[in-house]
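Report on the following structure.
Just so it is clear, none of the values below were taken in a lab; they were calculated from the coordinates. For clarity, every value in this text was computed on a predicted model and none was experimentally measured. Counting neighbours? That spans all protein chains shown, and the Cβs are built from the backbone with ideal geometry, glycine included.
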Amino acid sequence: MIPTEIALGGVVDRLLSSVRRDECVTAVHTVSPQEARYAEWPVSLHPRLLTCMQSRGIHRLYTHQAQAIEHVHAGRNVVVVTPTASGKTLCYNLPVLDAMLRDSDACALYLFPTKALAQDQLAELQETVASLEESIGIHTFDGDTPDDARRAIRSRARVVLTNPDMLHSGILPFHARWSRFFQNLRYVVIDELHTYRGVFGSHLCNVLRRLRRVCAFHQANHFASRAPNVAISAECVQAGAVCAGQSDRPAFVMCSATIANPAHLAARLTESAVELVEQNGAPRGRKDFIFYNPPVVDATLGIRRSCINQARWIASRFLGAGVQTIVFTTSRQNTEVLTRYLKEDIERRPDAVGSIRAYRGGYLPSTRREIERGLRNGEISGVVSTNALELGIDIGMLDVAVLAGYPGSVASTWQQAGRAGRRSDRSVALLVARSEPMDQFIITHPEYFFERSPEQALINPDNLLILLSQIKCAPSGPRLARCVGSGGEKLVEILAYLTDSRVLQRHGNRWHWALDVYPADGVSLRSISTENFVVMDASNGNRVLAEVDYRSAPSTLYEDAIYLCETESYNVSRLDYKQRRAYVRKVDVDYYTEAISHTSVKILETFESAPRPVSVREHGDVHVVWRVSGFKKMKFHTRENVGYGEVNLPDQEMHTTASWLTIKPPAWTGLSCSRADVLDGVIGLAFLLHHMAPLHLMCDISDIAHCVGDLNARWFTDTGELERGRLTLKIREAPPTDGAGERNVTAAGTELAAIHALDAMDVFEPTIYLYDNFPGGIGFSAPLFDALPEILRQALDCLNACPCEVGCPSCVGPINEVGTRSKAIAQALAARLLV
């Protein structure tokens, strides 16, 4: 059998020689091997622990490990930021076990973003404790933990491994049963810190406020002699906070992938001072990072070969040579489609059946664990995954990572590339670009990627809706005696609102939970929205297939949609929207479906404004309404559109924040174009700005959205209503219509339907809106407002560099959707807006 490294090198050489290298391979970046840098064992470490580590073959620590342990032993909070497989686990396991050996009552809480990561760490910790020959109760506590085991864990566990969701809904509401644990809680470990951004991170900050408040109560009082008061006190309301109790315990030990602001994020989440450890001392093997741009198949239209098909071709070469490979995609649908293609290529032999698997959120836990085991023991040679495997789940020693599409951030790209290769062997990562502008900018400007720092992770724990949901949970804890955190005037208003709504009851200076169910049961940490939709197989006794989050459900589970699960096709035969259930039946079809939607935005309040000669840049609060109105049937392999269907679902509404750019008439003076042509150019520019914006935010492109409107125009919407003032145009994706008096203007896969003629407008001021795609906003609008000039400059660079003649998916969108003048007008507008 050919050794893996030789086979790997051979495939890479053949791959590079078989493509038009000057056109397709834009960069081959080699990360050089690095020797290990060691440090002496901290003198404060317990001798038994030192002996245990040496017996397991660990004779010295890496420099970052020793530095982190010294900070922890000094009583400081710490965040460790080093690459994948650099031994971050020891940074928290050693000080935790040291505390256990020195204090028989000491406890620690480990938080992981997923249950799978907690299970991984459980095995590692138990193995170490077995070597110590010490009785230390170490247990996972999550939704899969049986009731009888939960009672034993509460009474005996000293190290509890869980996730923020379980801490929020299964531990803190029952803190009285955990009194022993909270009285002695010394350390809180937060792994994969970089994942706690946006909604998830904003919720976690509030959960940690509640945790510190509970710890302060139990560590300050003997629980046996004093029962907790499950109320919010008036003095806390006056102080304006959700949580209370400032204590030196517990200390926080955090680990993160590389981001631009790890110390700031850690301090923001824990609301305390944090020490940063970021100089990696671990060794690393050579990694070749290849940037691959699919070849152009139509130069005039700028159309390139499909990213999915090219990723299939590349991955098949490695898998065919016996090189274990992981392929990352940017969506669940692409994961299912690409897995289907790779199965067709690789599983032709009977002994190869089952060697290619898909992995994504929504699968049942047992299915995911089975796939993880198969990767570790080599039974699975290839896996196609969403970013669900981006985190540090143990999936063995993979050799190649193929990224089918730019993940959306520098940090995520390096994290996914890091899943291939470990500390000494050679590995390869390949980024295959899509036609989207952000992908094309990164792939054609590799120096921008390799030379820049990763993005910042943003949270907004005082988002009104998040704060509202977390305050509902606060009365389930002890009395709020001393207050930390924030909330301010919002807290007073929220308590008054919840009291009026009979969710809370006020008795004197205290508020109590008034309903029968625990408030945390109805609050999801991973979204602002309500509960998930359950997908049930009606052809198999209504067996539960998967879950779909509330936000994604309208564009995924409408009736007659094709839902893909483990490469199988299911038709959504019935959607029970009120009960959050979708009933599906397995079908054999050669197409999948994509949703068609339209959106409108109204400005509610402007926070900041920056006028320029031909434009005004602003940000503030907006009201967004969108709905799914239809779907397209897309054929596998060719993506040919083979039909349409109608969808009737309720409107989705939200109050959020946005940054917008209003373009004044002088910007297009002298361009010899109609208002309809200008609108085509603005729609193309909006498409491009939306795709470029995530370069400046640590977010997925779906975390923000865009819409094009007119600031002062009078418009009839597609429902026949007459609307005025600061209103966006209705944007929808639909087949062309030829109705009298209608003017269809398409943009980036959407079609703008406005019944009133463009030239009849009194004042035409097209406006591009970029808004937070979360109710209440997560904090993207202010950074977008500040970064918009730079985003415009990058958009103009992209337009100037794009080789297409009149527009393509890599700049303003396909010309059949934005018109033949969109690119030229977008270029002219961008140039004038920067003056």
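Applying D = kT/(6 pi eta Rh) to region 527-634, where Rh is the Kirkwood radius over alpha-carbon pairs, T corresponds to 25 °C and eta to 0.890 mPa s, the Stokes-Einstein value obtained is 151 µm²/s. The amide H of S629, built 1.01 Å from its N in the peptide plane, has I596, S597, H598 as neighbours under 5 Å, considering only residues 5 or more places off or on other chains.
What net charge is computed for the residues neighbouring A352, neighbours being all others with C-beta under 13 Å from the C-beta of A352, Lys and Arg scored +1, Asp and Glu -1? Intermediate values should be presented prior to the final figure.
Values: positive: K343, R348, R349, R357; negative: E344, D345, E347, D351, E379.
Local net charge: -1.
Where the only charges are on Cβ atoms (+1 Lys, Arg; -1 Asp, Glu), what is the dipole of the chain about its Cα centre, to the nearest 20 debye?
Value, rounded to 20: 1700 debye.
Within the chain, the longest segment free of exposed loop sites, counting chymotrypsin sites (Phe, Trp or Tyr not before Pro) that fall outside DSSP classes H, G, I, E and B and have at most 14 other Cβ atoms within 10 Å, spans 1-576. For the chain, the longest principal axis of the alpha carbon atoms and the long axis of helix 332-346 meet at an angle near 90°. Placing unit charges on the Cβ atoms of the charged side chains and taking the dipole of the chain about its Cα centre, the candidate lying farthest along the positive direction among S609, A68, N641 is A68. Helical content of the chain, expressed as a calculated mean residue ellipticity at 222 nm, amounts to -10000 deg cm²/dmol (DSSP H runs of 4 or more residues, -39,500 (n - 2.57) each, divided by residue number, nearest 500).
The mean sequence distance of close C-alpha pairs (under 8 Å, at least 6 residues apart), as a share of the length of the chain, puts its relative contact order at 12 percent. Under the shape rule built on the C-alpha gyration tensor, where the axes satisfy a ≥ b ≥ c, region 279-348 is oblate, since a/c reaches at least 1.5 while a/b does not exceed b/c. In this structure, the pairs whose alpha-carbon distance is over 28 Å, taken from K472/K578; K602/K635; K115/K635; K602/K633; K88/K115, are K602/K635; K115/K635; K602/K633.
Please say if region 38-133 is rounded, prolate or oblate, where rounded means a/c under 1.5 for a ≥ b ≥ c the square roots of the C-alpha gyration tensor eigenvalues, and otherwise the choice is prolate for a/b larger than b/c and oblate otherwise? Don't jump to the answer; show the numbers that get you there.
On the way: a/c = 1.23, a/b = 1.09, b/c = 1.13.
Here region 38-133 falls in the rounded category.
The local environment of G405, defined by Cβ-Cβ distances under 14 Å, has a net charge of +1 under the rule Lys, Arg +1 and Asp, Glu -1.
Helix 365-377: angle to the longest alpha-carbon principal axis of the chain, degrees 0 to 90, nearest 10? It is inclined by approximately 80 degrees.
Can you tell me how the chain classifies by the Cα gyration tensor, rounded, prolate or oblate, using a/c under 1.5 as the rounded cut?
It is oblate, given that a/c is not under 1.5 and a/b is not larger than b/c.
Counted by Cβ distance under 12 Å from F449, the other residues give a net charge of -3, where Lys and Arg count +1 and Asp and Glu count -1. In the chain, the longest principal axis of the Cα atoms and the axis of helix 307-320 are about 50 degrees apart.
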